[in-house]
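Input: a single structure, listed below in structure tokens.
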Amino acid sequence: MKRFPRVAAGVGLALAAALAHAQPTAVQATPTPKPTPSALTGELFYQLLLGELNARGDEPGTGFALILDAARKTNDPALYQRAVDIAFQNRSGESALQAARAWKQALPKSRDANRYVLQILLALNRLADTAEPLRTEIALAEPKDRAAAIAALPRLYARVSDKKAAAALIEQVLAEHFASPALGPAAWTAVGRARLAAGDATGALDAARRGQALNARAEGPALLALELMNPKQPQAEALVRKYLEDKPLPELRMGYARNLLDAQRYPDALEQLRFITAEKPDFAEAWLVQGTLMVQENQLPAAEKSLMRFVELSQGMSSEERSRGLAQAYLSLAQIAERRKDYAAAGAWLDRIDNPQSLVATQNRRASLLARQGRLDEARKLIRDLPERNPGDARGKLMAEVGLLREQKQYRAAYELLAEAIRKDPKDVDLMYDQAMMAEKLDNLGEMERLLRLVIASKPDYQHAYNALGYSLADRNVRLPEAKQLIQKALELAPGDPFITDSLAWVEFRMGNKAEALRLLEGAYKQRPDPEIAAHYGEVLWSLGQRDRAQSIWREGLLMNSENETLVETLKRLRVRP
């Protein structure tokens, strides 16, 4: 059987929060003039004293008026800001806006004053009134900082309730910059992010495309495209790849590699990681991710080299980041030693881990070592003795024990452990799915189908259940039209998934459509070289008389995992020794 992966009350506080969260960090505030010491007369001093006493006493409105009047007399930005603060403290948004507008009128070139006006208007949800201060925010920025000021605009509008209106307003204000080679990419990126926040992914992609057309090396459109990447929008990836053609930021390429990992496109991810480690050999994170992925792909010597390089580079990282990274590296190095059956070395790597957050993963690996040495009861006890600090820990322990039993082919024990967990939480479809997989391993196909249909009924978008049931029918060569329908439904829910594509190819093969099966398997294997896909790919090639090519694919699969059940069974059934 194949593997199936899976603004109102409290306005003062709201205004203060809006200012704290919306203040752009990418642009430095323009310095504002300070009053000369001679401006502080005895009369003014007395007025300020009265203002503060009233503000902190029973007459905050009087205090506000006195401080604002003093600010107008002196043009002191600190006094204008104090008037705004008093209004905040007394939850008077309109008074805060009055003080900020007076500040802006007195000092029209002050970005601080303009920002306060803009952010207070946003906190009061007066969206239409923000166009003018928004234009001013851009105009007051230094030329070298203007693109960064534009890029910060979507964050200013992040808390606005009407996202579509916010996107339209941002687009209207930035329209004058759309054709500018210098500011156009940032303007289109800001528009794209605003559209994305409003749920318009298609419009966001169009904005990214327009921004990149002005400057293919601009980072903003590429970052936006990276965020938009998914199987339903392949054009986004094309924009990312275009940016990567010419001296890209290593961090952006790393983001692309992570997206590829999320999509299970491991060969493509490895390619990008190799680019990063070649172009920027001191990029520690890339070595760690590359090494971890190579362990998964069974490329053990190269994985070990990458992980050791990360260990060397980790000296320059912050202590917390280094601790987390080293824990992951040591876990992977222990896994390499375990696969080589060097259990003492594996244990030594685990002994180096001192990150408390990695306790569960470390003990799981120790349990695996014990089980491989025939000490399964000790391994299970090690997992069960782990502390439970939250419900997630209990779930993690359960899944670790199930995984351990599955690894040791103790399918009956795993099935019963899952059954016990389901009795406590009968609506947990993930547990139900895992139990179905154990029922299949026990050759209890009726129970497997019953459980999978319960999963589908409970969660109709659970693609793994459709895929598993469809593949099971195809593998037994029964109810093939139904099997195909189930797998096609799974592909609708997870377009481009290589394992589901493999299942569809297998049902096509069973139905006699060998050419279509071959086409599907070629694509799936290219996207995700995997021993189970290799087993099916090789068998279709074998049936078409392409025996040399079939054996080559099978050899690749054995190099990835010589113990894979599907591949081993296929070769045994066909009496082939590639």
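Numbers at a glance
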read-out: Residue within segment 243-261 that is crowded, with 16+ Cβ neighbours inside 10 Å and within 21 Å of residue 335 (Cα to Cα) present; value: yes
read-out: Check on residue 360, in contact with a Gly (Cβ under 9 Å, 6 or more places away or on another chain) and of a type in the set (A, V, I, L, M, F, W, C); value: yes
read-out: Number of the exception - residue 338 against (1) of a type in the set (D, E, K, R); (2) surrounded by 19 or more Cβ atoms within 10 Å (Cβ to Cβ); (3) on the phi > 0 side of the Ramachandran plot; value: (3)
read-out: Single residue of segment 431-453 satisfying the filter (buried (at least 16 other Cβ atoms within 10 Å of the Cβ) and of a type in the set (D, E, K, R)) that is farthest from residue 401 (Cα to Cα); value: 449
read-out: Segment 562-578 residues that are among the hydroxyl-bearing types (Ser, Thr, Tyr), paired with ones that are buried (at least 16 other Cβ atoms within 10 Å of the Cβ) and at pLDDT below 90 (beta carbon under 7 Å, 6 or more apart); value: 566/2
read-out: Neighbours by Cβ (under 8 Å, 6+ apart or cross-chain): first from segment 67-81, open to solvent by 30 Å² or more (accessible area, probe 1.4 Å); second modelled with pLDDT of 90 or more and not small (Gly, Ala, Ser); value: 75/107; 81/103; 81/112; 81/116
read-out: Selection status of residue 213, buried (at least 22 other Cβ atoms within 10 Å of the Cβ) and either at pLDDT below 95 or part of a helix (DSSP H, G or I) (or both); value: no
read-out: Of all residues making up segment 69-121, the number that are aromatic (Phe, Trp, Tyr) and out of contact with any Phe, Trp or Tyr (no Cβ under 9 Å at 6 or more places or on another chain); value: 1
read-out: First in segment 284-311 and over 12 Å from residue 335 (Cα atoms), second anywhere and open to solvent by 10 Å² or more (accessible area, probe 1.4 Å) and charged (D, E, K, R), Cβ under 7 Å, 6 or more apart; value: 287/309
read-out: Residues located in segment 189-204, provided they are open to solvent by less than 20 Å² (accessible area, probe 1.4 Å) and of a type outside the set (S, T, N, Q); value: 190, 191, 192, 194, 203, 204
read-out: Candidates 235, 264, filtered to the one that is outside any helix (DSSP H, G or I), in contact with a helix residue (DSSP H, G or I) (Cβ under 7 Å, 6 or more places away or on another chain) and farther than 17 Å from residue 185 by Cα; value: 264
read-out: Wholly within segment 91-186, helices (runs of 4 or more DSSP H) carrying at least 2 residues that are open to solvent by 60 Å² or more (accessible area, probe 1.4 Å) and out of contact with any His (no Cβ under 7 Å at 6 or more places or on another chain); value: 93-106, 131-140, 163-174
read-out: Pair list, Cβ < 7 Å and 6+ apart or interchain, from segment 346-362 residues that are under 12 Å from residue 331 (Cβ atoms) to residues that are of a type in the set (S, T, N, Q) and open to solvent by less than 50 Å² (accessible area, probe 1.4 Å); value: 350/362; 353/362; 355/323
read-out: Positions within segment 545-578 being open to solvent by 10 Å² or more (accessible area, probe 1.4 Å), small (Gly, Ala, Ser) and either in contact with a Lys or Arg (Cβ under 8 Å, 6 or more places away or on another chain) or on the phi < 0 side of the Ramachandran plot (or both), in sequence order; value: 552, 562
read-out: In segment 399-416, the residues that are of a type outside the set (Gly, Ala, Ser) and under 16 Å from residue 359 (Cβ atoms); value: 399, 401
read-out: Extreme residue, most open to solvent (accessible area, probe 1.4 Å), among residues of segment 282-304 that are farther than 16 Å from residue 339 by Cα and not small (Gly, Ala, Ser); value: 282
read-out: Given (1) under 51 Å from the mean Cα position of the chain (by Cα); (2) surrounded by fewer than 22 Cβ atoms within 10 Å (Cβ to Cβ), number of the condition residue 40 does not satisfy; value: (1)
read-out: Checklist (1) open to solvent by less than 70 Å² (accessible area, probe 1.4 Å); (2) over 17 Å from the mean Cα position of the chain (by Cα); (3) of a type in the set (Val, Ile, Thr) applied to residue 240, failing item; value: (2)
read-out: Any chance residue 575 is basic (Lys, Arg) and either in contact with a helix residue (DSSP H, G or I) (Cβ under 9 Å, 6 or more places away or on another chain) or closer than 30 Å to residue 271 by Cβ (or both); value: no
read-out: Residue list for segment 317-339, restricted to those being under 23 Å from residue 297 (Cβ atoms) and not hydrophobic (A, V, I, L, M, F, W, C); value: 324, 325, 328, 330, 332, 335, 338, 339
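Conditions (1) crowded, with 21+ Cβ neighbours inside 10 Å; (2) in a helix (DSSP H, G or I), marked per residue:
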{"residue": "379", "(1), (2)": "yes, yes"}
{"residue": "389", "(1), (2)": "no, no"}
{"residue": "393", "(1), (2)": "no, yes"}
{"residue": "396", "(1), (2)": "no, yes"}
{"residue": "399", "(1), (2)": "no, yes"}
{"residue": "403", "(1), (2)": "no, yes"}
{"residue": "414", "(1), (2)": "yes, yes"}
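The values are calculated or read from the model by the stated rules, or taken from the named source; none is laboratory data. Please read these numbers as outputs of a predicted model, since none were measured by experiment. No Cβ is skipped: glycine too gets one built from the backbone with ideal geometry, and neighbour counts run over all protein chains shown. Heads up: the accessible areas ignore ligands, DNA and RNA and are worked out on the full protein's heavy atoms, side chains in. Shrake-Rupley method; radii C 1.70, N 1.55, O 1.52, S 1.80 Å.
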